[in-house]
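Bear in mind that the values in this text are calculations on the coordinates, not laboratory data. Keep in mind that this is a model prediction, so the values were computed, not measured. We place every Cβ from the backbone using ideal geometry, glycine too, and count neighbours over all the protein chains shown.
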C-alpha cells in the first residue's frame, strides 16, 4: 500500500527537477516548461493532501492552479513570441532591456 | 495492486522530467513534458481525483502542450544554447542548490508524514468524484470561480494585445515626430 509520504516525496523530487530547469537552462521556452513541471508537482501534493484528509478542497485548489497555469502560459508565450520577433533569440540571459 | 502502478509510473514521471531539463532540443523537451503530464494524470486516478485526471489530460496534455509545440515550431528554436555563463559558477551553484532543495524537502516530508495514512475519499466521493468536486466548487468556492473566469478573459485579451504585430505606419509617424 502506497502511503502519503511516497507521493509527497515524489512531488518534491519533481519540483526539484523543475527548479533545476529554471536555474540551469537559458532557453526561455524550456524555462517555461520547467515552471509547468513545478506547478504540476505542487498540484500532485494538493491532491495527495486531499485524499489524506478525506476532503475535496485540495482537489478544488489544484483545479484553480490548473486554470491560472493555463492563463499564465497564454500570456507568457505571447511575450516570448514578441521577444523573438524583436530580439531574434529566446535566451533569458540576453534580455536586459529592463535593467535600470 | 496500487504499488504495481505507482512505482513504474513514478519512474516514468521522474525520468521524463529529467529529459525535459537536460535535452538540448526544445521539441524533445515538449514531448517529454507530455509524458510527464500523463503520468501525473495516472497519479490523480490513483488518488481518486478522477475529474482532475481528465482535466489534466485535456487542459495540459491537450491544450497547453499544443500551444507550446506550436510556438516551438513557429520560432524554430532548435539551435544550440551557448554555454557561456553570465554569472560565475552559475551551473555548479544552481546544481548544488537544487540538490539541497530536493534533499531537504524529501527528507522533511518523509519524516513529517512517516506514520500518516490516507483517510480515503470513499465518503466524499460517494456520489461520484465529478459531482462531489462540482458541489464543493460551487458551494464553497463560487466567488473565486467567478473571478477565475474574469482572469481567463483578461489573459485572452492581453495575449491578443501583446502578440499583435504593430503596424509599421505608426512607427514611421512617431519617428517623424521625434
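Among B:73, A:38, which comes first, second and so on when ranked by fewest other beta-carbon atoms within 10 Å?
Fewest-to-most ranking of B:73, A:38: B:73, A:38.
Residue B:95 label point, 7 Å along Cα→Cβ, cut-off 16 Å on backbone N: hits in region B:18-33?
Counting only backbone N, you get B:18-19, B:21-24.
Identify which of A:55, A:76, A:18 has the largest mean-square fluctuation in a Gaussian network model of chain A, with springs joining Cα atoms closer than 10 Å.
Answer for the Gaussian network model of chain A: A:55.
Mind checking the angle between helix B:90-112 and chain B's longest principal axis? C-alpha axes, 0 to 90 degrees, to the nearest 10.
Once rounded, one gets 20 degrees.
Can you give me the P(r) profile for the protein assembly as shown? Cα pairs, bins 10 angstrom wide beginning at 0, each as a whole percent.
Spelled out per bin, shortest first, that is 6, 26, 31, 22, 10, 3, 1, 0.
Regarding region A:4-89, what are the three Cα extents along the principal axes, ordered largest first, in Å?
Extents along the principal axes: 51, 24, 9 Å.
How high is the relative contact order of region A:4-89? Use alpha-carbon pairs under 8 Å, at least six apart in sequence, and give a whole percent.
26 percent
In nm, to one decimal, how far is the residue B:67 label point from the residue B:145 one, both placed 7 Å along Cα→Cβ?
2.2 nm
Determine the gain in length on full extension of the stretch residue B:126-residue B:11; use 0.36 nm per residue of separation and subtract their C-alpha separation, reporting nm with one decimal. Please report the intermediate quantities before stating the final value.
On the way: separation 115, 0.36 × 115 = 41.40 nm, distance 3.16 nm.
Value of the extension gain: 38.2 nm.
Where is the GNM fluctuation largest for chain B (alpha-carbon springs, 10 angstrom cutoff): B:126, B:49, B:156?
Answer for the Gaussian network model of chain B: B:156.
Return a whole-number percent for the relative contact order of chain B, with Cα pairs under 8 Å and 6 or more residues apart as the contact set.
17 percent
Based on the Cβ-Cβ distance from residue B:154 to residue B:22, what FRET efficiency comes out when R0 is 30 Å, to the nearest 0.05?
Values: r = 35 Å, r/R0 = 1.18.
Once rounded, the FRET efficiency stands at 0.25.
Under a 10 Å cutoff between Cα atoms, tell me which one of B:54, B:124, B:112 has the largest fluctuation in the Gaussian network model of chain B.
Among B:54, B:124, B:112, the largest GNM mean-square fluctuation belongs to B:112.
Taking neighbour counts of Cβ atoms within 10 Å as a proxy for exposure, in what order, fewest first, do B:111, B:158 appear?
Listed from fewest to most nearby Cβ atoms, that is B:111, B:158.
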